[in-house]
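This is the structure I want to talk about, given as structure tokens.
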Amino acid sequence: MIEVSNIYKSFTLKDKRTLKIKTIAAVQDISFSVLPGEIYGLLGPNGAGKSTTLRMIATLMSPEKGSIKVSGLSTTQHPNEVRAKLGFLATDMDVYERFTPREQLKIFGEFQGMDPESAEKRGLQLLDNLGILDFANVKMDGFSSGQRQKFNIARALLHDPQVIIFDEPTTGLDVLTAKTVLDLLINLKTQGKTIILSTHILPMVEKICSKVGIIYQGKLQTEGSPKQVMERFNSNSLDEVFFTLADSKEPKGGQ
Amino acid sequence: MKGAWLVLKKEMLYWTKDRRTLFLTLFFPLILYPLLFGIMTKMSLNDSRRLSTSVTRVAIDDPRNILSSILFREGSGFEKFTESLENIPLALSQEKIHLSIKVPQDAKDYVASQKPIDLQITYDPSRDMSEKGFFKIQKFIKDNDAMIVVGRLNELRLTSDILEPTRISIIKTTGANEEIGKLIGLFLPYFLLISMYAGAMQFGADITAGEKERGTLLSLLTTRLSRLQIMQGKMLAIFCVSILGIAMNLIAIGLGGFTAGNLALYDRVEKTKAMAISMGSPTPPTIDLQSILTPQAILLTLGLLIPLGLLFSAIILTIGAQSKSVREANVAMVPGIFIVLAIGVFSLSPGIEKLTYLPFVPLMNITVVIRKLFTGQFVAWEYLITLLMTLLLSWFTVALSGRLLSRENALFKS
């Protein structure tokens with residue numbers, strides 16, 4: 001289970017001309033929770049504060065105010081234990097190009113406390129599920145962006161984490177592979193995993209997410225099941241909700 | 001600590017996958033230095049052989065044939081230049097001649113009246129052959145003068161002892177070994193400091209800022225390893241690569257020195273044997289490298305290099321992790337080379353080892369202690385203070401870098 005309570009995070013920016021330092025609130029008073037067996041769709045335009053929120057849940061950053069608990073553990077007090085339960089995928093992650101997927105999965109398995117043999121076994125199974133098993137022994141410098149993304153998904157799921165955070169998992173993937181990832185997420189949901197998904201493909205959200213939260217200018221604007229959110233805005237799709245929200249808010253920046 | 005070892009293992013494994021870097025770091029010095037030293041020594045020996053066996057061409061103005069009659073005898077090493085010359089400096093610079101000698105017209109009268117002859121010798125000190133010729137003619141005239149003086153003394157029924165009220169016997173307490181030890185002690189610390197920092201710099205930038213730039217650091221940070229373990233592992237990796245680089249460079253230099261030494265020694269032994277036999281000495285002097293590069297000296301040097309390596313690794317790690325890209329990291333690390341270079345150059349200053357406060361000056365003390373190790377002037381308390389100072393400094397830098405790197409913005413600067 002993930003419990004996010006009133007978190008706040010700001011960044012300081014320096015104006016090169018005036019040399020004044022500005023503080024920008026990237027995330028303001030956001031609260032939500034995700035239960036096991038749920039996929040929570042975290043939505044919002046670029047710079048809304050989604051990635052900062054996800055990074056705080058993944059213990060990569062600390063909230064200045066509020067608290068986050070993952071499986072009952074505080075992210076600030078037990079960051080290592082939290083990460084052990086967590087599989088994280090972000091758009092700006094890449095692979096070690098000089099390693100093969102097999103080598104890299106063994107290494108990451110050890111990092112996650114697994115023995116190399118079982119890490120290799122599970123890793124190969126995941127590569128097979130994602131359709132890149134044939135490339136298990138190929139150096140990754142020649143991999144396409146789609147193959148890299150598939151490998152990163154396998155790496156994130158290697159230690160069979162209870163909590164999964166996927167930030168734009170279908171980036172760079174073709175329609176067929178995106179469908180594979182979609183099926184994988186549904187499968188993980190049925191296994192009782194706690195999942196947060198951030199994506200711009202809103203039809204996908206409507207289809208698989210139990211709950212959605214829309215962040216805009218660092219604040220959670222609305223939350224509920226996709227159906228509830230659409231009803232609240234008298235819309236037929238999340239796309240329309242998105243546009244309505246964007247029109248009603250004056251853009252002021254964010255992260 | 002297990003996490004740090006796992007990170008170290010991964011970094012070293014990844015490093016070995018880069019064949020080009022591996023070749024340049026580990027194998028290239030093994031080829032480069034012996035080849036370089038061998039070629040340099042061979043060239044220098046050839047040149048010195050050429051100088052010692054070559055004939056000095058002399059343009060001489062000696063109307064009454066006073067000097068010419070004895071100078072150009074067969075086997076004297078001098079050859080008369082017979083063409084006429086307008087411009088002597090030009091002829092010297094073009095190496096048409098190596099010397100020009102002007103003997104006064106009335107030289108014979110001076111000899112008869114036992115007065116000194118004023119010889120005018122023109123030479124070009126910037127030309128090896130000309131300079132060598134000048135020394136040769138000086139010796140020739142000195143030997144000739146000695147013979148004339150002996151003749152004159154004989155006429156007066158005196159011996160040459162009258163010219164030598166005091167004789168000096170020279171006893172050198174240090175030999176060729178100490179001379180070479182001094183040379184090694186002078187350049188080794190300078191070389192160690194520079195190559196240790198520069199060797200680890202590129203690797204350090206790659207595994208910190210490079211990982212950040214490529215997006216692989218984020219995947220490491222999301223594992224159960226703590227940030228501290230990751231940074232410790234990376235610091236150990238930088239340290240290992242710098243020590244490995246140093247070791248390979250030292251081995252390569254040793255091999256190079258051995259190659260060059262063998263060539264030079266062969267040449268020297270041949271010459272010394274001939275000289276020793278002619279002087280009736282039973283054994284020619286020899287150089288024993290094993291007595292200079294003793295296991296104790298090497299181990300004590302390594303003992304200093306370990307905290308120094310940690311210090312450099314912590315500096316490189318901190319700079320690298322604070323940088324957004326490899327380029328930015330390299331730009332930030334380059335001033336470090338200049339600092340190390342300046343310390344290295346300063347350490348070459350003559351008499352520096354006499355400064356009493358030097359054992360307390362970090363980095364500088366290492367250069368002086370290593371120098372003393374190879375020149376047989378080792379002082380235990382100086383070594384211990386240096387070791388302690390370096391350990392303290394590296395501990396402080398490691399702690400500081402740990403503190404700086406635990407900051408969120410050090411890792412997410414973009």
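The values are calculated or read from the model by the stated rules, or taken from the named source; none is laboratory data. Keep in mind the model is a prediction, meaning the values are calculated, not measured. Every residue, glycine as well, gets a Cβ built from its backbone with ideal geometry; the counts of neighbours run over all protein chains shown. With ligands, DNA and RNA removed, areas are computed over all heavy atoms of the protein, side chains included. Shrake-Rupley method; radii C 1.70, N 1.55, O 1.52, S 1.80 Å.
Is it the case that A:Phe99 is within 13 Å of chain B (Cβ to nearest Cβ) and either assigned to a loop (DSSP other than H, G, I, E, B) or open to solvent by 60 Å² or more (accessible area, probe 1.4 Å) (or both)?
Values: within 13 Å of chain B (Cβ to nearest Cβ): yes; either assigned to a loop (DSSP other than H, G, I, E, B) or open to solvent by 60 Å² or more (accessible area, probe 1.4 Å) (or both): yes.
Spelling it out, A:Phe99 is indeed within 13 Å of chain B (Cβ to nearest Cβ) and either assigned to a loop (DSSP other than H, G, I, E, B) or open to solvent by 60 Å² or more (accessible area, probe 1.4 Å) (or both).
A further question on this structure: Pull up region B:228-239, narrow it to residues that are open to solvent by 30 Å² or more (accessible area, probe 1.4 Å) and in contact with a Leu (Cβ under 7 Å, 6 or more places away or on another chain), then point me to the one that is nearest to the other protein chains (Cβ to nearest Cβ).
B:Leu236
Would you call B:Arg50 open to solvent by 70 Å² or more (accessible area, probe 1.4 Å), more than 30 Å from B:Ser195 (Cβ to Cβ), without any contact (Cβ under 8 Å) to a residue 24 or more places away in the chain and not assigned by TED's automatic domain parsing to the domain that holds B:Val241? Before you say what the answer is, go through the steps one by one.
Working: open to solvent by 70 Å² or more (accessible area, probe 1.4 Å): yes; more than 30 Å from B:Ser195 (Cβ to Cβ): yes; without any contact (Cβ under 8 Å) to a residue 24 or more places away in the chain: yes; not assigned by TED's automatic domain parsing to the domain that holds B:Val241: yes.
Yes, satisfied.
Right, something else. When you look at B:Tyr123, is it closer than 29 Å to B:Val55 by Cα and either open to solvent by less than 90 Å² (accessible area, probe 1.4 Å) or out of contact with any Ser or Thr (no Cβ under 9 Å at 6 or more places or on another chain) (or both), yes or no?
Values: closer than 29 Å to B:Val55 by Cα: yes; either open to solvent by less than 90 Å² (accessible area, probe 1.4 Å) or out of contact with any Ser or Thr (no Cβ under 9 Å at 6 or more places or on another chain) (or both): yes.
In short, yes.
Now, a different point. Report yes if some residue within region B:205-224 is over 21 Å from A:Glu110 (Cα atoms), buried (at least 18 other Cβ atoms within 10 Å of the Cβ) and more than 14 Å from chain A (Cβ to nearest Cβ); otherwise report no.
yes
Also, quick follow-up: Write out, first by first residue and then by second, each pair whose Cβ atoms fall under 9 Å of each other, whose residues are 6+ apart or on separate chains, and whose first residue, in region B:1-18, is at the interface with another protein chain (Cβ under 10 Å from one of its Cβ atoms) while the second is of a type in the set (Ser, Thr, Tyr).
B:Gly3/B:Thr223; B:Gly3/B:Ser226; B:Lys10/A:Tyr96; B:Tyr14/A:Tyr96; B:Trp15/B:Thr21; B:Trp15/B:Thr25; B:Lys17/A:Tyr96
Taking region A:103-158, which residues are within 21 Å of B:Leu8 (Cα to Cα) and more than 13 Å from chain B (Cβ to nearest Cβ)?
A:Glu117, A:Glu120
Could you check B:Ile171 against (1) buried (at least 20 other Cβ atoms within 10 Å of the Cβ); (2) not assigned by TED's automatic domain parsing to the domain that holds B:Phe378 and say which number it fails?
(1)
Looking at (1) assigned by TED's automatic domain parsing to the domain that holds B:Thr122; (2) within 36 Å of the chain's Cα centre (by Cα); (3) β-branched (Val, Ile, Thr), which is the only condition B:Ile70 fails?
B:Ile70 satisfies every listed condition except (2).
Return only the number of the condition from (1) more than 18 Å from B:Asp143 (Cβ to Cβ); (2) at pLDDT below 90; (3) within 43 Å of the chain's Cα centre (by Cα) that B:Asp109 does not satisfy.
So B:Asp109 meets the others, but not (3).
Of the residues that make up region A:168-176, is at least one open to solvent by less than 60 Å² (accessible area, probe 1.4 Å) and on the phi > 0 side of the Ramachandran plot?
To start, the set of residues in region A:168-176 that are open to solvent by less than 60 Å² (accessible area, probe 1.4 Å) comprises A:168-170, A:172-173.
If we keep only those that are on the phi > 0 side of the Ramachandran plot as well, we get A:168, A:172.
Scanning region A:168-176 turns up at least one residue that is open to solvent by less than 60 Å² (accessible area, probe 1.4 Å) and on the phi > 0 side of the Ramachandran plot.
Let me ask you something else. Scan region B:142-161 and give yes if some residue there is under 26 Å from B:Thr82 (Cα atoms), of a type in the set (Val, Ile, Thr) and either modelled with pLDDT of 90 or more or open to solvent by less than 80 Å² (accessible area, probe 1.4 Å) (or both), otherwise no.
For region B:142-161, residues under 26 Å from B:Thr82 (Cα atoms), of a type in the set (Val, Ile, Thr) and either modelled with pLDDT of 90 or more or open to solvent by less than 80 Å² (accessible area, probe 1.4 Å) (or both): absent.
Tell me, which strands (runs of 3 or more DSSP E) wholly within region A:1-96 include 1 or more residues that are within 14 Å of chain B (Cβ to nearest Cβ)? Give the derivation first.
On the way: elements: A:2-14, A:21-34, A:39-43, A:65-70, A:86-89.
Result: A:2-14, A:21-34, A:65-70, A:86-89.
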